[in-house]
Amino acid sequence: MKTREVNFDGLVGPTHNYGGLSYGNVASQNNGQLSSNPREAALQGLAKMKALMDLGFTQGVIAPQERPDVASLRRLGFTGSDAQVIEKAARQDMPLLAASCSASSMWVANAATVSPSADTGDGRVHFTAANLNCKYHRSLEHPTTSRLLQTMFSDPRHFAHHPALPDVAQFGDEGAANHSRLCRDHGQPGVEFFVYGRSAFDTRYPAPQRYPARQTLEASRAVARLHGLSDDRVVFAQQNPAVIDQGVFHNDVIAVANAQVLFHHEDAFLNGPAVLGELQDKLARVGASLQAIAVPRAEVGVEDAVRSYLFNSQLLSRDDGSMLLVVPQECQANQKVWCYLQGLLASGGPIRQVRVFDLKQSMRNGGGPACLRLRVALTEAELAAVNPAVLLDDALYQALTGWVVRHYRDRMHEEDLADPQLLIECRTALDELTQILKLGAVYPFQTD
């Protein structure tokens, strides 16, 4: 039975703004307080989805979340009607209101960790929602994320869902941004690759000094156990603390994997040669062979990799066996990165094509092509069990672009977050979206 990898992209939400909320994410911090364009952001994301669909890739969508999160503000002591809660938060604690308005759920690479049925003990696709507890604004996401995923992948014969790990620092989990999979074919058993920034309980592991390490070894091990993964087909590797301190807040900012290819920076991992050796050994046991493409620091430094998001790209398999690298426009604008990519294409390796996309709205907030998608490998039977209304086709693309144009503002600045009308606009838009995507009542305001 054929298995394909489906990319489920996050729809950018109506409150997309540059709040500068993510310490350790250089782009997010550098662009904080600038005016954003939510309509343009959503349309840019949809254009990428449509282009990949037109190239023959199966593409799905994941709905945004309700923002501002008034219920969370109430838990923190703000009282009154929804409008009064927003007004009081804006007057008394504007940074907290900005956090409650974040549209960061657009980066669905952080939504969950997904293991395909070929790897799991019970032969089902397993999902574990990420707790994202390193950042307050992201820690609000996982309850709605879980509801969305359970609605999209609802058949218990094919799909298993796990709640987020305990919401404490020792089990900090950032989802698929720190998880990838290598295999000979998507439908065959593979090796799941978990990358962590620190150990919560073992002080022998080094840690970054400037920026926080968001993923713990303990969280990665817990997810592997929940998904029923065998020890001989899992590799745990520590991210290089020095690159975290240079703004590599997730592994997907410094490495990306697909099939047998691991495209990574020379400085991505602590004890890199040992990591590659373990991957090669375990892949050989499942009939695969690691093809590691290491980008030398002499050609592309970590700073250029972070600024361009070279590695926060999508690496996709074409029908002819070659691979397509989907990169943001910032890669083309960076002379060192673009020169390296031209040499990579000329080398005759597995990456034969590069496609450039304009995603400047999300890039300014610290998320590129890879951040915007959650990869799910599905057999034909599993794909048939997915809610068909979330799978992109021409009709859905037209419906979603029309929906964005009707409901999204073309400018958003900090003071706009205090407008109580924004909540009404967001709820109106999401209520219509649940009908388009046939999601049912997945938002709290729909069941209040």
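Results, tabulated for the structure shown:
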{"read-out": "Point-to-point label distance, residue 421-residue 157, nm (Cα→Cβ direction, 7 Å offset)", "value": "5.0 nm"}
{"read-out": "Degrees between helix 394-407 axis and first principal axis of the chain (Cα, 0 to 90, nearest 10)", "value": "40 degrees"}
{"read-out": "Rounded tilt (10° steps) of 420-436 against the dominant C-alpha axis of the chain", "value": "50 degrees"}
{"read-out": "Full-stretch length increase - residue 281, residue 435 - with 0.36 nm per residue and alpha-carbon distance subtracted", "value": "50.6 nm"}
{"read-out": "Region 36-161: C-alpha gyration tensor shape, a/c 1.5 cut-off, then a/b vs b/c", "value": "oblate"}
{"read-out": "Contact order normalised by residue count of the chain, Cα under 8 Å, 6+ apart, percent", "value": "23 percent"}
{"read-out": "Extension gain from residue 399 to residue 92, taking 0.36 nm per residue of separation minus the Cα-Cα distance", "value": "106.6 nm"}
{"read-out": "Between helix 335-346 and the chain: long-axis angle, C-alpha atoms, 0 to 90°, nearest 10", "value": "50 degrees"}
{"read-out": "Percent carbon-and-sulfur accessible area, region 262-340, ignoring ligands, DNA and RNA, probe 1.4 Å", "value": "47 percent"}
{"read-out": "Distance (nanometres) between label positions extended 7 Å along Cα→Cβ at residue 242 and residue 184", "value": "3.7 nm"}
{"read-out": "Pair residue 360, residue 232: separation of 7 Å Cα→Cβ label points (nm)", "value": "5.3 nm"}
{"read-out": "For the chain, built as a Gaussian network whose Cα springs stay under 10 Å, the top-fluctuating residue of 129, 83, 99", "value": "83"}
{"read-out": "Neighbourhood net charge (13 Å Cβ-Cβ; Lys/Arg +1, Asp/Glu -1) for residue 338", "value": "-1"}
{"read-out": "For the chain: span of alpha carbons on each principal axis (Å, largest first)", "value": "61, 47, 42"}
{"read-out": "Cut-off 14 Å between beta-carbons: net charge of the residues surrounding residue 286, Lys and Arg +1, Asp and Glu -1", "value": "-2"}
{"read-out": "Accessible area (Å², 1.4 Å probe, nearest 10) - residue 339", "value": "90 Å²"}
{"read-out": "Two-site FRET efficiency, residue 293 against residue 225, from Cβ-Cβ distance with R₀ of 35 Å, rounded to 0.05", "value": "0.70"}
{"read-out": "Region 118-195 - convex hull of alpha carbons, volume per residue in Å³", "value": "104 Å³"}
{"read-out": "Sum of side-chain charges, residue 14 neighbourhood, beta-carbon under 15 Å (Lys, Arg +1; Asp, Glu -1)", "value": "-3"}
{"read-out": "Relative contact order of region 253-325, pairs being alpha-carbon contacts under 8 Å that are 6 or more residues apart, as %", "value": "40 percent"}
{"read-out": "Estimated FRET transfer efficiency (residue 303, residue 202; beta-carbon r; R0 35 Å; 0.05)", "value": "0.70"}
{"read-out": "Prolate/oblate/rounded label for region 335-448 (Cα gyration tensor, a/c 1.5)", "value": "oblate"}
{"read-out": "Net length gained if the chain between residue 76 and residue 387 were fully extended (0.36 nm per residue, minus Cα distance)", "value": "108.4 nm"}
{"read-out": "Apportionment of accessible area to carbon and sulfur, region 350-445, percent (1.4 Å)", "value": "50 percent"}
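The values are calculated or read from the model by the stated rules, or taken from the named source; none is laboratory data. All figures in this text were calculated on a predicted structure; none of them were measured in a lab. For neighbour counting, all protein chains shown are included, and Cβ atoms are generated from backbone atoms with ideal geometry for every residue, glycine included. Accessible surface areas use protein heavy atoms only, side chains included; no ligands, DNA or RNA. Shrake-Rupley method; radii C 1.70, N 1.55, O 1.52, S 1.80 Å.
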